Amino acid sequence: MKQRECDVVIVGAGFSGLYLLHRLRGLGFSVRVFEAGAGVGGTWYWNRYPGARCDVESMQYSYSFDEALQQEWDWSERFAGQPEILEYAEHVADRFDLRRDIEFDTTVKSARFDDMTGRWAIETETAKGGEALIAKFCIMATGCISTAQIPDLDGLSEYTGGTYHTGQWPHEGVDFTGQRIAVVGTGSSGIQAIPVLAAQADHVTVFQRTPNYSLPSQNGPMTEEYARQWKENYPALREEQRYTIKGSIRDLNDVPAYSVSAEERQAVYEKRWQIGGTGFLGAFNDLIVDREANETAAEFVRNKIRQTVRNPQIAELLAAKGYPIATKRICVDTGYFETYNRNNVALVDISETPIEKAVPQGLVHAGRTYEFDSIVFATGFDAMTGTLFRIDIKGREGRALRDKWRDGPRTYLGLMSEGFPNLFTITGPGSPSVLSNMMVSIEQHVDWVTDCLVDMRSKGREVIEPDLQAEDDWVEHVNVTAHKTLYPQSASWYMGANIPGKPRIFMPYIGGVGPYRKICDAVVADGYRGFRFEGDAAKEAAAD
Ligand code: FAD
Ligand code: N01
C-alpha cells in the first residue's frame, strides 16, 4: 500500500464534510475527504425514497457561512424535497470547487492513533483495493443517522421479491406499479413514503410496531415574499437561529399548557396544526417536561387521527399512546393518516407479536402468510454510534472506541473523547445534533473545530485531548439534563432502543443549541478548559 500524508482527514462528504473541507482548505491545511458514496450530500444522497423531505423550513435548512450562496439559491417549496436538497449540496460542491479533494466510493475501514508519532493512520477500501494515509487530525463527519438498519428476520435471504431500505434507496428509483408491497416501520421515513407508495402500488400493507405522532407539514410552494423576507434579513436571522433552543426560528409560546383554559388550549393547538410543521410543539413551554401538559398535545393529535381515519379500529391503532409526544422523533407528513382511507392500504399491528419470518413469497405474521412483490424496510438506523463503530477506531495504546463506549458514548461536548487525541466528531453524541436543525449544529461544530486547529497551529500545539474529568462531568451533565425531560420515557433511537443489545442511554444533548454554543465558546475563552495540549512549549509561550 502506498502511503500519503496530510494535515487533516475528513470522513464523509455530507453537509458536515463539505463545509469542513471548504473551511480547512481556505485556512491552508492540506485535507483529504473520503466518502463511501459516489457523490456528495450524505443523507440526501442515500435517502432517495419516494416522499423524502426535510421538516425544517428550507430557508432555515441551508448553510449560512456564505452570504452570496444564501442569496443566490432559490428554494421551490416551504419544506424542500430530497432531490432539491441533493441538488443544493451538489451546487455547493461545485461552487466552492470541493470535489477535487474528495475521494468517492472510498470507505474508511480503520483509523489508528500512533502513540510514538502522534499521527493517525487511516486505511481505506475501494473496489480497486485500498490505501493507507497518515494525518495529524482525523475528523469524523460520518453523520448521526447514516447506517441503515434492516431487522434480522429469519428467512429474509430466501425471499424472492425486491427488498429496499429507505436509507439505501436505488438511484434509478423503483417502479412499484401493479405490485403488492409491504412497508415495515412507521417512523419519519415510513410516514413520508407510505402515501406516495400507496398512490403507485397496487396494494400496500404497513407493519406497525409502534404508532407515531405525526404533524401535517402543510407544505406548499415557496412564495417570493417569504423568501425575500428571509434573504433581506439573513445575517440577523441566522444569528438569531444560532441562539435558539432548536436551531430554528419558531414561534414559541412561553406559557405552560395549563395556564390557559381548555378551549384556549385547543385553539392554540388548532392554529399551529393549520400552520403545519414542528412549530406545533412550541404551543406551550412545558410540553417536554410535564407529562400532563404533554398529554394535552398528544390527545389533540390523537383526536385529529380519529377525525381523519374513517375506520375507528384503524384510527385507534394509528393513535400513539403510552409515551409522550415528541419523545420519539416527531414526524411531519403529507397526507399520511388520510392514506389509511384508501382501499389499497392495510395496517397490521405487530406491537404484540413481531413479524415471525420471511418466506420466499413474503412475510409471516401471527401464523398468516402475506405475499409481496417487494418489501420496503423503513426501519431506521443504528444512530449516533453505529457508523463510528463500523470503523475500527483505536486511540492511545490501541484502545478501541467501541470498547470505551461499550456502555454508551463518552465525549466531552460531543466533540472529542479522552484517549483519542486529535480525533473530532461533528455533531457527535453529547451535542445537540439530532435534536436540532442540523445545519446550524453542523456549522457550529465545524467552526469550533477549525478555529481550534488554527489556534493550535499558531501556538505550535501538536495534540489536543480532553481531560477524563471534563469528559465524565459532561457525560453526567448530558444525562442529568435529559432526565429533567420526558425524553427518556420512550423507547426511541435517541435512547438506542431500536437496536437489540444497544445500551439505553440518551445520546444527544438536550440543553439547547444556543446554551450549548455558549458553553463551547466559554470553554475556548477559558483557554480550552477541559482540554490538554502537547506541543512546542516555546512557541506557545511566544504566542501567549
Ligand atoms: P450525513 O449526511 O449522514 O453524511 C455522512 C456521510 O459520511 C455519508 O455520506 C456517508 O456515506 C459517509 N460515511 C460514513 N461512514 C463512512 C466511512 N467509514 N467511510 C467513508 N464515508 C463514510 N436534519 C434536520 O435538521 N432536518 C431535517 O428535516 C432532517 N431530515 C432528515 C431526513 C432523513 C431521511 C434523514 C435520514 C436525516 C434527516 N436529517 C434532518 C438529519 C440529517 O442527517 C442532517 O440534517 C445532515 O444532513 C447530516 O449531515 P452530515 O454531513 O453530518 O451527515
Ligand atoms: O427510522 P425510525 P426512520 N420490526 O427509527 C420500526 C430522520 N428523518 O428512518 O418505533 C418492526 O424513526 C420502528 O418501530 P419502533 C429523523 O431524525 C427525518 O423513519 O422502534 N418494526 C419504527 O416504526 C428520524 O427520526 C425525516 O417500535 C421495526 C421504524 O421501524 C430518523 O431520520 C424523514 C423493526 C423506524 O423508525 C430515522 O427515521 C426521515 C423491527 N425489527 C427520517 N425495527 C424528516 O421528515 C424498527 N422498526 C425530517
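Tell me, which residue of the range 274-287 that is among the aliphatic types (A, V, I, L, M) and buried (at least 20 other Cβ atoms within 10 Å of the Cβ) is nearest to the chain's Cα centre (by Cα)? If you could, list the steps in order and put the result at the bottom.
First, the residues of the range 274-287 that are among the aliphatic types (A, V, I, L, M): 275, 281, 283, 287.
Still in the running and buried (at least 20 other Cβ atoms within 10 Å of the Cβ): 281, 283, 287.
Details: Leu281: 19, Ala283: 24, Leu287: 22 Å.
Going through the qualifying residues, I end up with Leu281.
Consider Gln179 carefully, then state whether it is within 13 Å of Ser374 (Cβ to Cβ) and not hydrophobic (A, V, I, L, M, F, W, C).
Judged against the criteria, Gln179 is a match.
Going by the structure shown, is Asn479 in contact with a Gly (Cβ under 6 Å, 6 or more places away or on another chain) and polar (S, T, N, Q)? Don't jump to the end; show me each part of the working.
Numbers: in contact with a Gly (Cβ under 6 Å, 6 or more places away or on another chain): no; polar (S, T, N, Q): yes.
It is false that Asn479 is in contact with a Gly (Cβ under 6 Å, 6 or more places away or on another chain) and polar (S, T, N, Q).
Looking only at the range 151-174, how many residues end up being within 15 Å of ligand 1 (Cβ to nearest atom) and in a loop (DSSP other than H, G, I, E, B)?
2
Determine, yes or no, whether Asn437 is within 24 Å of the chain's Cα centre (by Cα), over 21 Å from Trp120 (Cβ atoms) and within 16 Å of ligand 1 (Cβ to nearest atom).
Taking the combined requirement at face value, the residue satisfies it.
State the number of residues belonging to the range 13-44 that are closer than 23 Å to Pro83 by Cβ and either over 22 Å from the mean Cα position of the chain (by Cα) or within 16 Å of ligand 2 (Cβ to nearest atom) (or both).
7
Among what's in the range 366-398 and is part of a strand (DSSP E or B) and surrounded by 15 or more Cβ atoms within 10 Å (Cβ to Cβ), pick the residue that is nearest to ligand 1 (Cβ to nearest atom).
Only one residue fits best here, namely Phe381.
Every number here is computed from the coordinates shown, using simple stated rules; none is lab data. Because the structure is a prediction, the values reported are computed rather than measured. Counting neighbours? That spans all protein chains shown, and the Cβs are built from the backbone with ideal geometry, glycine included.
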